[in-house]
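Okay, so here's the structure we're looking at.
The values are calculated or read from the model by the stated rules, or taken from the named source; none is laboratory data. Keep in mind that what you see is a predicted model, and the values were worked out from it rather than measured. Positions of Cβ are generated from backbone atoms using ideal geometry, with glycine treated the same way; all protein chains shown enter the neighbour counts.
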Amino acid sequence: MARPLRIEDTGGIYHILNRGNYRQWVFRDDGAKESFERTLFECCERTGWLLHGFCIMSNHYHLAISTPQGNLSEGMRWLQSVFANRFNRYRRESGHLFQGRVKSLSVENPERLGWPVSLSASESGEG
């Protein structure tokens, strides 16, 4: 059975999460966390994503992003594959680093991210 298509909206807001393969620790040390952070920032620059927040835990991560170009799948594929390749090359390992497909939850209400309900044009920087 085919997995359901990922919904990708231009201007979509997402809560993204994924964890280490077999729930293994990926971010055991500060170097791994810093490397993931650098790769994430590089991904945001390449894809045009807006990164609203992130949290790197020992065996998983959370991201809050907006995708002005509707390129969530493409960007996540790049982020995870580039980081996994760098991680494996540094540690002289091989194989999957992350467990399965990344989970993406569409954020229908930006207030859930702690954002104000509405901003006037002057508050939002527009106008």
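Suppose we filter PHE54, PHE41 for residues that are in contact with a helix residue (DSSP H, G or I) (Cβ under 9 Å, 6 or more places away or on another chain), without any contact (Cβ under 8 Å) to a residue 24 or more places away in the chain and within 26 Å of GLU108 (Cα to Cα); which single one remains? It would help to see each step written out before you state the result.
Values: PHE41 fails: in contact with a helix residue (DSSP H, G or I) (Cβ under 9 Å, 6 or more places away or on another chain).
Being in contact with a helix residue (DSSP H, G or I) (Cβ under 9 Å, 6 or more places away or on another chain), without any contact (Cβ under 8 Å) to a residue 24 or more places away in the chain and within 26 Å of GLU108 (Cα to Cα) holds for just one of PHE54, PHE41, which is PHE54.
Residues that are touching a His at 6+ places or on another chain (Cβ under 7 Å) and either crowded, with 16+ Cβ neighbours inside 10 Å or under 24 Å from LEU113 (Cα atoms) (or both): does the stretch 72-89 have at least one?
Taking every residue of the stretch 72-89 in turn, none turns out to be touching a His at 6+ places or on another chain (Cβ under 7 Å) and either crowded, with 16+ Cβ neighbours inside 10 Å or under 24 Å from LEU113 (Cα atoms) (or both).
Having 2 or more residues that are modelled with pLDDT of 95 or more and under 27 Å from GLU8 (Cα atoms) is the bar; report the helices (runs of 4 or more DSSP H) wholly within the stretch 18-127 that clear it. Steps first, answer last, please.
Values: elements: 30-47, 72-91, 121-124.
Once the helices (runs of 4 or more DSSP H) in the stretch 18-127 are filtered for at least 2 residues that are modelled with pLDDT of 95 or more and under 27 Å from GLU8 (Cα atoms), what remains is 30-47, 72-91.
Would you mind finding the one in GLU45, GLU37, GLU108 that is loosely packed, with under 12 Cβ neighbours inside 10 Å, in contact with a strand residue (DSSP E or B) (Cβ under 9 Å, 6 or more places away or on another chain) and on the phi < 0 side of the Ramachandran plot?
Details: GLU45 fails: in contact with a strand residue (DSSP E or B) (Cβ under 9 Å, 6 or more places away or on another chain); GLU37 fails: loosely packed, with under 12 Cβ neighbours inside 10 Å.
When all the criteria are applied, what remains is GLU108.
Name the pairs whose Cβ atoms lie under 8 Å apart, with the first residue in the stretch 93-111 and within 17 Å of ILE65 (Cβ to Cβ), the second part of a loop (DSSP other than H, G, I, E, B) and not β-branched (Val, Ile, Thr), and 6 or more positions between them or separate chains?
ARG101/ARG3; SER104/ARG6; SER106/ASP9
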